[in-house]
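Here's the structure we're looking at; comments come further down.
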Amino acid sequence: MASLLLLSLIASAMVAIIILILYFTTRIKTFIGLFFLYFSLAMMLTMFLGASIYIYSPSNTTLAIAFAINMALMIFLLTYFFAIAENISERSLTNNPINIYGISVLLVANEVLMSTTFGLAQFGPKYFSSAYGAFYYTINSYWFFYPMMAEMLGFYLIHYVKGQQFQQLLPLVGVTAFPPTAFNVQDWFPFALVLTLGASAYGMFLNRKRERLWWFYIYLSLIFTSLLLLVNAIPYDINVIIAMVMYYATILFQTFEKVTRGGK
């Protein structure tokens, strides 16, 4: 099992790469750029998947499987790209919900598998031997919440310096900053739970207007599932994942809309 310092340095590098990819989303204007955004996220996803497979059971076989997964996807995607490149070379980007939610899901999926990878590297496979255990210890981990918080905050700041503000989303960053189940430390749970409830209540206050009711109900559900942590963490985990997907989708909708209107 690797040291926490080494893993933290590697995780920081992975977070920096994902933030660069997030910055790239603000620059794409064509379907070719959109394809390479998908390509970057898909390759990172298979990298984490392959690494998790190998770390879970290190052997020449699992190493070959990890390598094969990455190579197979890369060959498939590049073959597909060269087959369609001429048709999409002049097509401008559109504000398509399928692409926006697809990118958002890939971003969160990358963070989920990154957490699995680093959790396995730090603690070994003992907590990940069942589907329930793998999901629980992947999501209820500082390897999930803090890299995700950094990426969400980075994406927020990228748009903030461009003059785009998403004040209604900022409380969700606060929720990820104090995950009640991420640390097995005395008094952390009640402290983090109170802060999570407070951040969610503030999010409800910011989104009380009709045009933001969707986010009002997301924060309301976070309050409800946070209280359910006293019984079971899974509803909260699923709620957080959905909220994170919606966080990225909300920003991407405005980003792509600006591009389609000819904004910089």
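Readers should treat all values here as calculations from the given coordinates under stated rules, not as data from a laboratory. Since the structure is predicted, the reported quantities are computational estimates derived from the model, not experimental observations. So basically every Cβ, Gly included, is an ideal-geometry build from the backbone, and we count neighbours across all protein chains shown.
Here are the numbers for the structure shown:
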quantity: Contact order relative to length of the chain, as percent, for alpha carbon pairs under 8 angstrom and 6 or more apart; calculated: 22 percent
quantity: Residue with peak Gaussian network fluctuation, the chain [Cα springs, cutoff 10 Å], from Y132, Y247, Y202; calculated: Y132
quantity: Nearest-20 debye value, region 4-260 charge dipole, Cβ charges on Lys, Arg, Asp, Glu; calculated: 440 debye
quantity: Calculated volume of the Cα convex hull per residue in Å³ (choose from [x] 130; [y] 115; [z] 160), label; calculated: [x]
quantity: I238 versus K162: modelled label distance in nm, points set 7 Å from Cα along the beta carbon direction; calculated: 3.4 nm
quantity: Full-stretch length increase - S130, K209 - with 0.36 nm per residue and alpha-carbon distance subtracted; calculated: 24.1 nm
quantity: Interchain or long-range residues, amide H under 5 Å from T30's placed H; calculated: L93
quantity: Residue among Y101, Y217, Y80 with the largest mean-square fluctuation in a Gaussian network model of the chain, springs linking Cα atoms under 10 Å; calculated: Y80
quantity: Listed residues V15, V185, V112, most fluctuating in the chain (Gaussian network, C-alpha, under 10 Å); calculated: V185
quantity: Dipole axis of region 4-260 (+1 Lys, Arg; -1 Asp, Glu on Cβ), positive-most option in S12, S129, S57; calculated: S12
quantity: Spacing of the two label points (7 Å from each Cα toward its C-beta) at F76 and S57, in nm; calculated: 2.2 nm
quantity: Euclidean distance of C-alpha centroids, region 5-22 and region 32-87, integer Å; calculated: 19 Å
